[in-house]
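K.L.:
Please find one structure pasted underneath; my questions will follow.
The values are calculated or read from the model by the stated rules, or taken from the named source; none is laboratory data. Since this is a predicted model, take the numbers as computed values, not measurements. Positions of Cβ are generated from backbone atoms using ideal geometry, with glycine treated the same way; all protein chains shown enter the neighbour counts.
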């Protein structure tokens with residue numbers, strides 16, 4: 001394999017990690033990996049069968065069947081169609097040719113570490129960084145102004161994400177760079193985007209100045225910059241104007257066809273957004289204590305702003321998710337009510353649909369659950385959360401390959417997301433239902449490394465270890481889990497763990513019994 005990482009499409013071939021799709025390793029046999037490496041290092045060149053035999057099987061005599069098997073393995077891994085290939089072209093009786101466009105990746109990072117660059121998606125792409133609060137920490141209103149600046153960035157992400165042809169990095173990943181001085185080219189490499197939007201907000205009494213600039217993250221060149229001086233009351237009109245201008249700067253001929261929807265927030269919603277932002281910060285941590293803090297802030301937001309759809313939707317989801325985790329003992333009714341109200345208030349907000357989908361999944365209304373998650377993805381194809389929970393819905397239903405596809409898409413949309421443990425959790429569920437227990441062990445391990453308190457992943461790791469034949473390790477881990485979740489029982493799992501068919505729930509219980517579950 002070459003010393004330098006090479007990217008093609010949404011894949012990268014890395015000398016340290018093999019073939020990667022986003023943050024996930026694509027498992028290949030050593031010979032298939034060697035074959036892919038040889039082809040990728042010779043893009044567009046015809047490589048004969050004899051040349052491949054000499055390179056991949058240098059000291060062994062093998063027949064055509066071995067080569068064909070490796071090619072088939074690569075096509076499956078790359079989701080490549082032999083009739084309409086994107087990557088590997090078969091030239092009858094002559095050999096093979098790699099036809100994908102490759103890019104060499106630079107790993108350097110402004111954080112002083114080594115990171116893996118992501119390949120650019122196949123459509124216009126952008127990351128909106130948190131706008132800087134220029135008023136300074138000495139200002140007595142600094143904290144409020146900070147949330148105000150974040151709110152502008154949030155609404156720009158929301159507005160841009162509604163353009164279906166535009167690939168927009170989710171807020172959770174782009175906000176990692178808040179108050180960090182990092183070169184935009186390094187951000188572009190880390191997030192896998194071509195453009196970065198950054199800006200600042202300065203408030204002086206009733207006057208507001210918003211500055212924004214669009215930068216090509218591949219070259220560092222400035223494509224567009226503008227400043228807006230407005231009265232505070234005009235702020236949301238300014239946000240809409242910025243969104244339109246940025247989209248126009250990226251793809252003017254597509255803007256006319258697609259347009260940008262008007263952002264719907266009113267000036268009264270600023271405090272509500274701050275509460276939602278605080279709640280998200282807690283809920284991402286996936287612990288019972290943080291759940292309590294998150295729900296407290298969301299309930300306060302709903303009490304003060306009963307018609308604010310984002311607060312309603314996220315509260316509905318949190319309450320339903322907490323039932324699954326075992327953090328609360330009451331039923332799904334309160335969560336469902338908030339999710340329904342969120343949809344009534346704003347049918348375009350994905351969290352209401354995600355909440356209803358999760359509720360239906362818990363009640364094993366499979367088709368309704370998947371339809372709600374699919375609706376959330378349809379409303380915002382750039383929502384990493386929507387793809388992640390569709391991954392969960394499909395995984396718990398045993399539709400494993402489709403579940404993994406959406407889990408991978410969530411990771412690609414938001415590769416630095418604080419919710420990454422949940423993204424990985426959905427993929428782990430899919431591998432378990434498919435009977436791929438070692439892979440389920442791998443993904444639960446990574447999810448728990450990121451969020452040790454993620455109790456759903458703890459339970460799945462117990463069952464996965466046991467089903468993978470690692471019985472002693474499973475029992476040791478189960479003993480630790482049972483101390484934190486003393487309510488665990490067969491009846492509790494049947495009621496709270498939403499595998500969608502009797503066969504799948506019995507498969508999970510089989511693993512848990514092997515791990516030490518008694519009743």
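K.L.:
Please name all residue pairs, on different chains or six or more residues apart, with Cβ atoms under 6 Å, provided the first residue is in region 21-48 and is not assigned by TED's automatic domain parsing to the domain that holds residue 441 and the second residue is in a loop (DSSP other than H, G, I, E, B) and at pLDDT 90 or above.
P.N.:
none
K.L.:
Have a look at 507, 459, 513, 494 and point out the one that is touching a residue at least 60 places away in the same chain (Cβ under 8 Å) and part of a helix (DSSP H, G or I).
P.N.:
Working: 459 fails: touching a residue at least 60 places away in the same chain (Cβ under 8 Å); 513 fails: touching a residue at least 60 places away in the same chain (Cβ under 8 Å); 494 fails: touching a residue at least 60 places away in the same chain (Cβ under 8 Å).
It is 507.
K.L.:
Can you name every residue in region 494-515 that is farther than 19 Å from residue 445 by Cβ and more than 27 Å from the chain's Cα centre (by Cα)? Explain how you work it out, then say what you get.
P.N.:
Step one: of region 494-515, the residues farther than 19 Å from residue 445 by Cβ are 494-507, 509-510, 513.
494, 495, 502, 503, 506, 507, 509, 510, 513 - these are the residues of region 494-515 that are farther than 19 Å from residue 445 by Cβ and more than 27 Å from the chain's Cα centre (by Cα).
K.L.:
Right, here's the next one. Could you say which residue among 388, 383 is buried (at least 21 other Cβ atoms within 10 Å of the Cβ), in contact (Cβ under 8 Å) with a residue 12 or more places away in the chain and more than 26 Å from residue 494 (Cβ to Cβ)?
P.N.:
Values: 388 fails: more than 26 Å from residue 494 (Cβ to Cβ).
Matching residue, one of 388, 383: 383.
K.L.:
Scan region 81-104 for residues that are buried (at least 19 other Cβ atoms within 10 Å of the Cβ) and either modelled with pLDDT under 65 or not in a strand (DSSP E or B) (or both) and jot them down.
P.N.:
87, 100
K.L.:
For the condition in contact with a helix residue (DSSP H, G or I) (Cβ under 7 Å, 6 or more places away or on another chain), closer than 30 Å to residue 166 by Cβ and crowded, with 24+ Cβ neighbours inside 10 Å, what is the one hit in 447, 457, 440, 397? Lay out the reasoning, then the answer.
P.N.:
Numbers: 457 fails: closer than 30 Å to residue 166 by Cβ; 440 fails: closer than 30 Å to residue 166 by Cβ; 397 fails: closer than 30 Å to residue 166 by Cβ.
Result of the check over 447, 457, 440, 397: 447.
K.L.:
Just to check your reading of the model, which residue among 292, 340, 344 is within 27 Å of residue 450 (Cβ to Cβ), at pLDDT 90 or above and surrounded by fewer than 18 Cβ atoms within 10 Å (Cβ to Cβ)? Full working, then the answer.
P.N.:
Details: 340 fails: within 27 Å of residue 450 (Cβ to Cβ); 344 fails: within 27 Å of residue 450 (Cβ to Cβ).
Being within 27 Å of residue 450 (Cβ to Cβ), at pLDDT 90 or above and surrounded by fewer than 18 Cβ atoms within 10 Å (Cβ to Cβ) holds for just one of 292, 340, 344, which is 292.
K.L.:
Tell me the helices (runs of 4 or more DSSP H) entirely within region 162-265 that contain at least 3 residues that are at pLDDT 60 or above and more than 25 Å from the chain's Cα centre (by Cα). Explain how you work it out, then say what you get.
P.N.:
Numbers: elements: 171-174, 184-191, 235-250, 252-258.
The helices (runs of 4 or more DSSP H) meeting that bar are 235-250.
K.L.:
On the given criteria, is residue 475 within 30 Å of the chain's Cα centre (by Cα) and assigned to a helix (DSSP H, G or I)?
P.N.:
On the way: within 30 Å of the chain's Cα centre (by Cα): no; assigned to a helix (DSSP H, G or I): yes.
Criteria not met by residue 475.
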